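Below: the structure, in structure tokens.
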Amino acid sequence: KGAFGKVMAVTKKDTKKTYAVKLLNKIRVLERQSYKSVLTERKLLSVIDCPFVVNLRATYQTDTDLCMVVDLMSGGDVRFHLTKE
């Protein structure tokens, strides 16, 4: 869970591959005026090819959420591990 929404693990039915879906609540993004950050994140993830950064596989939106499908990397994010150390 984060400031704008949550991340869920999902499995693609035809390939059985597991991904993470980041759901960003549209109202929260607008209330906090963070739409530029969200758009920048989407743009950067779509062009970056790095083994240390998740790969963006797809984006879509629902009535309430902006959604980013990325490779699943379980175990926590970089900030979590840096804080732990």
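Computed quantities for the displayed model
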quantity: Which numbered condition N25 fails, given (1) in contact with a Leu (Cβ under 9 Å, 6 or more places away or on another chain); (2) within 14 Å of D71 (Cβ to Cβ); (3) not β-branched (V, I, T); calculated: (2)
quantity: Test for K13: is it among the charged types (D, E, K, R) and free of Cβ contacts under 8 Å to residues at least 24 places away in the same chain; calculated: yes
quantity: Looking only at segment 48-85, and only at residues there that are of a type in the set (G, A, S) and loosely packed, with under 10 Cβ neighbours inside 10 Å, the one that is farthest from the chain's Cα centre (by Cα); calculated: G75
quantity: Output for segment 1-35, where each listed residue is exposed (fewer than 10 other Cβ atoms within 10 Å of the Cβ) and either touching a helix residue (DSSP H, G or I) at 6+ places or on another chain (Cβ under 7 Å) or at pLDDT below 95 (or both); calculated: K1, Q33
quantity: Segment 6-30, residues that are assigned to a strand (DSSP E or B) and among the β-branched types (V, I, T); calculated: V7, V10, T11, T18, V21
quantity: Subset tally (residues that are among the β-branched types (V, I, T) and touching a strand residue (DSSP E or B) at 6+ places or on another chain (Cβ under 7 Å)) for segment 30-47; calculated: 1
quantity: Single residue of segment 31-51 satisfying the filter (touching a residue at least 24 places away in the same chain (Cβ under 8 Å) and part of a loop (DSSP other than H, G, I, E, B)) that is farthest from T11 (Cα to Cα); calculated: R32
quantity: Counted residues, segment 52-85 - those being touching a helix residue (DSSP H, G or I) at 6+ places or on another chain (Cβ under 8 Å), of a type in the set (V, I, T) and in a loop (DSSP other than H, G, I, E, B); calculated: 3
quantity: Residue in segment 53-73 that is acidic (D, E) and in contact (Cβ under 8 Å) with a residue 60 or more places away in the chain present; calculated: yes
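The values are calculated or read from the model by the stated rules, or taken from the named source; none is laboratory data. Quick caveat: nothing in here was measured; it's all calculated off a predicted structure. All Cβ positions, even for glycine, are placed from backbone atoms using ideal geometry, and neighbour counts span all protein chains on display.
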